[in-house]
There are 2 protein chains.
Amino acid sequence: MRDVAEAAGVSLKTVSRVVNRERGVTEELEAKVRAAIADLGYQPDDRARFLRRTAPSSKSLGFVQVDVANPFFAAILRGLEDAARARGSLVLAGSSDGDPDREEALVRSFIARRVDGLVISSCHPDLAYLTAELQHGTPVVFVDLQPAADVGDLIHTDHRGGAAAATRHLIDHDHRRIAFLGDALRFWSAAQRRLGFLEEMTAAGLETPWVLTDLGDPDQAEAATVELLSSPDRPTALVTAQNFVTIGAVRALHRLGRQHEIAMVGFDDVELADVIQPAISVVPQDPIALGRLAGERIFERLADDVTRNPPRLLPVAVVARGSGEIRPG
Amino acid sequence: MRDVAEAAGVSLKTVSRVVNRERGVTEELEAKVRAAIADLGYQPDDRARFLRRTAPSSKSLGFVQVDVANPFFAAILRGLEDAARARGSLVLAGSSDGDPDREEALVRSFIARRVDGLVISSCHPDLAYLTAELQHGTPVVFVDLQPAADVGDLIHTDHRGGAAAATRHLIDHDHRRIAFLGDALRFWSAAQRRLGFLEEMTAAGLETPWVLTDLGDPDQAEAATVELLSSPDRPTALVTAQNFVTIGAVRALHRLGRQHEIAMVGFDDVELADVIQPAISVVPQDPIALGRLAGERIFERLADDVTRNPPRLLPVAVVARGSGEIRPG
DNA sequence: CTGAAAGCGCTAACAC
DNA sequence: GTGTTAGCGCTTTCAG
C-alpha cells in the first residue's frame, strides 16, 4: 500500500479511501491511485484491515465436523457456506474424525484466528474447554450433535423422533423382533436415535436384545449385520441409524441374498436408495438446511447480541420405498 | 496480551516468549505469565502473529471447488485438509457452482486473506485473473479441472484415458451404438472425457450420433436418458461421465425397466453401485488422493520455491460389476 | 535472561 | 478533499 501511495504520489490514507470506496476523493486522484494499484498488482491485506477495524470481525466462520468426506457433513458445510456468503464471510472447515482432542485443537485454531462464529458437530464429552470462548462473546452453534453441557445454541434433526418413527413403522408392519445398528454413543445424535428406538420398542412391549452400536464404517456395519443374521435367534427387521451403517447393512443383506426377507429402515438418505431392489425406506434429513440455519443463527446472535436461543429442531418422517414394508416371513 | 503482561508484572516480550515457547525464560516468570494467561482467559491472535512474522505465512490454504455438496469434491477437500493439518495449516473452502465470476470472487477473497496456497477446481474460461497472483508467488494447484491457460500446477485423474477405457470396454462387449452423457464442456474434465470417448469410437470406426453434454444434475441426466432411449434410433450402451449423471441414468434405466438390456459404464464411483441389479461398472477415481497430492504439491512449492511442475496424472481403470458387461440384444 | 523501541499493513480520529 | 498521527496485537531487533 505504501508503494502504491508513493507511485501515485498521494498519502496512505488516500489509497485506503480508494480501496474502501470512501466518498470524497477527486476523480483525478482516484484514477492515479487505481493506475498505481493495477500497475503494481497491489492486493489489500484483509488480515491487517480486519485487525485495525473498529467492528472487530474476521469475516469468517469456523466449522468443526466429524468428517467432510461424509456427504452428510459436506452438505451441512454447503448450507453454512451459503449463509456465510450472503454476509460476506468465508468458512474455515476441519474434520475431527470423532476425536475430542482434534475437535478441541480445531476450535482453538479457529479461535486464534478470531472467527466471528463457531459451528460445531461436537463429539466432545466435556465442553468446558468452550466456556471461556462463550464468555468471550464468540457465538457457538452446535449442529446435529449436542453436547452434554448446557452451552451454545443447537440446531438439529429430531433424531429421537425420527428413530421412533422408523421403529414404529416396522412395528406397524408386524415386526416384533427388531434390531438397532448405530454409531458410537459419544455422538449425541447416535445416542438420541438409540433412545428413540428403545422408547418405541418398550412402549410396544417388545424386547430389545439386538442393539449394536460403535459401528464406525460400512465394513463394520456389514460384518455386524452378517453376524446378526447368522445367529439362530435373529431379528426380522433392522433400524440402521446412520448413512454408512445403512450402506453396510444393505451390502450384507444383498450378499446374503436376504434383502427381500429382512425389513429395514435407515436414518439419512443414501444415493440410489430408490433404485435398489427393494428400494430402501429411510428417514431423510435436510443437512443443507441444517447448515444454513446454523449460519443464520450465528449472524443473528452477532447482530442482536442474544446470549442464547432455544434449540431449533427439524422434523423428519419415514419415506416408504419398499424395504421398510416387508412383513416378517 | 498487554493485560497479561501487566497482570504478571512483566514486559510484552516476556509474554510473547512464553506463548511461543521460546527458550530463556525463568521458570518463575513463566509460571506467573501462565497464571495470568489462565486467569484472563487470554488467547493469542494468530492474525496479528502471522502479520508480523518474518516468514510471511497465514498457515492457511484456499480451496475453490465446484460444489462441496458433491461427494467427489468433499473427498478432495478431505485429502487437502489432511495434507494441510500435517503442516499446521487450516483450509478455507468455497463453492463456485461452476460460475466463473464466483470462482474469481472466491480466489480474490482468499488472496486478500493471504492464503499460503490456492487449490482450484477451475471452470473459468480465462485464467488471466490469476497471473498477477502467480507472479506474486502464491502457489496455485489445479485439481481435476485444468484451465485453458498455461499457469499453475495440475493434479488430475486421467479423464481422457478413463473415458477411452470405458468406451473400449463397451466396444469389447460387442457394442457399436454407444452414447455419451456428460456435464458442461466448460469443465475441463468433462471435455477431456468426451474427447477420450470420441477418440476411442473413431479409432474403432464407429459413429457418434449420441453425444449429450450440459447435463447439470441427476434430473437432467434422467430426462435425457429417457428421451435418448425412447427414440427409434437408439444406442445399446451408455458412457455416463459424471457421478450425478450416472445416478440419473441409472434411475432412468430402472424406471424404464431396461437396466438389464442397456449396458453402461460410469465415471466416478457411486455409493451402493455394487448393490444395484445389475451392479454398475465404473471407472472410479481417488478424490482423497487428489486432494492430498494437491496439498503436498503446494507445500513442496512453498519449500523449494519451484515455479512449476509437470502435471501429475492419476491412472484409472474400469471396475467391471455387471452393467458394463451386458451384450447388445 | 529480560525489556524498550520499531514496525507488519492497514484504518480511525483528527487535523489541515 | 487530503494528509498526519496513532495504534490494532503481535514479533523483531537490539540494547541492557
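Nothing in this text is a laboratory measurement; each read-out follows from the coordinates by a stated rule. The model shown is predicted, which means the values in this text are computed figures rather than measured ones. Note that each Cβ is placed from the backbone with ideal geometry, even for glycine, and that neighbours are counted across all protein chains shown.
Descriptive notes on the structure:
- B:SER57 label point (Cα plus 7 Å toward Cβ) to equivalent points in the other copies: 3.1 nm, shortest first.
- Segment B:2-44, relative contact order in percent, only Cα pairs under 8 angstrom and at least six apart counted: 45 percent
- FRET efficiency, 1/(1 + (r/R0)^6) with R0 56 Å, evaluated for B:ARG87 and B:GLU207 via beta carbons: 0.65
- Whole-angstrom gap from segment B:315-329 to segment A:268-318, using each part's C-alpha centre: 37 Å
- The same position B:LEU206 in the other copies lies at 5.0 nm from this copy, comparing label points 7 Å beyond Cα toward the beta-carbon, shortest first.
- Starting from the label point of B:GLN135 at 7 Å along Cα→Cβ, the same points in the other copies fall at 5.2 nm, in ascending order.
- Note on chain B: with charges restricted to the Cβ of Lys and Arg (+1) and Asp and Glu (-1), its dipole about the Cα centre is near 860 debye.
- Distance between the modelled labels on A:ARG255 and B:ASP304, one decimal in nanometres: 4.2 nm (7 Å Cα→Cβ projection).
- In terms of surrounding Cβ atoms within a 10 Å radius of their Cβ, A:ILE262, A:ILE326, B:ILE171 rank from fewest to most as B:ILE171, A:ILE326, A:ILE262.
- One Cα centroid belongs to segment A:118-176, the other to segment B:35-75; the line between them spans 26 Å.
- Counted residue by residue at 0.36 nm each, then reduced by the alpha carbon distance between them, the extension gain from B:GLU22 to B:ARG52 reaches 9.1 nm.
- Sorting B:ILE298, B:ILE276 by the number of Cβ atoms found within 10 Å of their own Cβ, with the fewest placed first, yields B:ILE276, B:ILE298.
- Relative contact order of segment A:188-265: 31 percent, from C-alpha pairs under 8 Å at least 6 residues apart in sequence.
- Each Cα pair under 8 Å and six or more residues apart adds its separation to the average, and for chain B the resulting relative contact order is 17 percent.
- Candidate lysines for bridging to B:LYS59, where Cα separation is under 26 Å - those fewer than 8 sequence places away on the same chain excluded: A:LYS59, B:LYS13
- Chain A residue nearest by beta-carbon to the axis mapping A to B, with distance in Å: A:ALA74, 2.
- Helical runs assigned H by DSSP (4 residues or longer) give chain B a calculated mean residue ellipticity at 222 nm of -14000 deg cm²/dmol, each run adding -39500 (n - 2.57) before division by the residue total.
- By the count of other C-beta atoms within 10 Å, a proxy for reagent exposure, A:LEU228, B:LEU61 are ordered fewest to most as A:LEU228, B:LEU61.
- Label sites at B:ASP172 and B:GLN277, each approximated as a point 7 angstrom past Cα along Cα to Cβ, lie 2.7 nm apart.
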